[in-house]
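The values are calculated or read from the model by the stated rules, or taken from the named source; none is laboratory data. Source: prediction; values computed, not measured. Virtual Cβ from ideal backbone geometry, glycine too; neighbours counted across all protein chains shown. All accessible areas refer to the heavy atoms of the entire protein, side chains included, with ligands and DNA or RNA removed. Shrake-Rupley method; radii C 1.70, N 1.55, O 1.52, S 1.80 Å.
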Amino acid sequence: ALGKSKSPKAFEILFQLMEKPSMKSQSRIAALNGLRELGDPRGFEIAMKALSDTQLPRWRLATSNWDYRVFAAQLIASLGKSEEVFPIIFKRFKNSLNENDIDGIFNNIVLINTLAHPKGQEAYDLVKEKYKNNTTIMSAITAFEEQFKSSIQK
């Protein structure tokens, strides 16, 4: 709601909210959502810092996503800056792929889909080649790839 207000005071409040301690980083997620709604280009640096963070805990549940990095990627994509951060995510993806870190692979696939950058197709090509004989992974990656293709067409 604060971001939707488009108030000139909103940025500073949302900036401060980023560091407010909360359960499952709810304050950080709310701040990133507010900054996305605000549309202020200064939000890019904040989102970039959140997306680059690998230390703060993230939670993933079957029915919801508490990974604040996804919300940072949404903010970055809304500002039209996916090109600038895609290499960071793609590098993480390749590291996960090389380490056979399935959770890391799919977490980075979610970020790639969120950024909706056409270069993301390379990630799908790599994972499909590596796991071409694993029907479970192939089924999941096919579903994610359909979402990716849909997102880059928008």
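Among the residues of segment 120-152, those identified as closer than 15 Å to residue 97 by Cβ, open to solvent by 40 Å² or more (accessible area, probe 1.4 Å) and touching a residue at least 12 places away in the same chain (Cβ under 8 Å) are 121, 122, 126, 128, 130, 144. Whenever a residue of segment 22-39 is at pLDDT below 95, its partners that are part of a helix (DSSP H, G or I) and among the hydroxyl-bearing types (Ser, Thr, Tyr), lying with C-beta atoms within less than 6 angstrom and at least six residues away or across chains, give the pairs 25/68; 28/68; 29/68. Residue count for segment 19-37, restricted to those that are surrounded by fewer than 21 Cβ atoms within 10 Å (Cβ to Cβ) and either under 18 Å from the mean Cα position of the chain (by Cα) or of a type in the set (Asp, Glu) (or both): 7. Beta carbons closer than 8 Å, at least 6 apart along the sequence or on distinct chains, pair a first residue in segment 67-94 that is in contact (Cβ under 8 Å) with a residue 24 or more places away in the chain and among the hydrophobic types (A, V, I, L, M, F, W, C) with a second that is open to solvent by less than 60 Å² (accessible area, probe 1.4 Å) and outside any helix (DSSP H, G or I) for 77/116; 79/39; 86/117.
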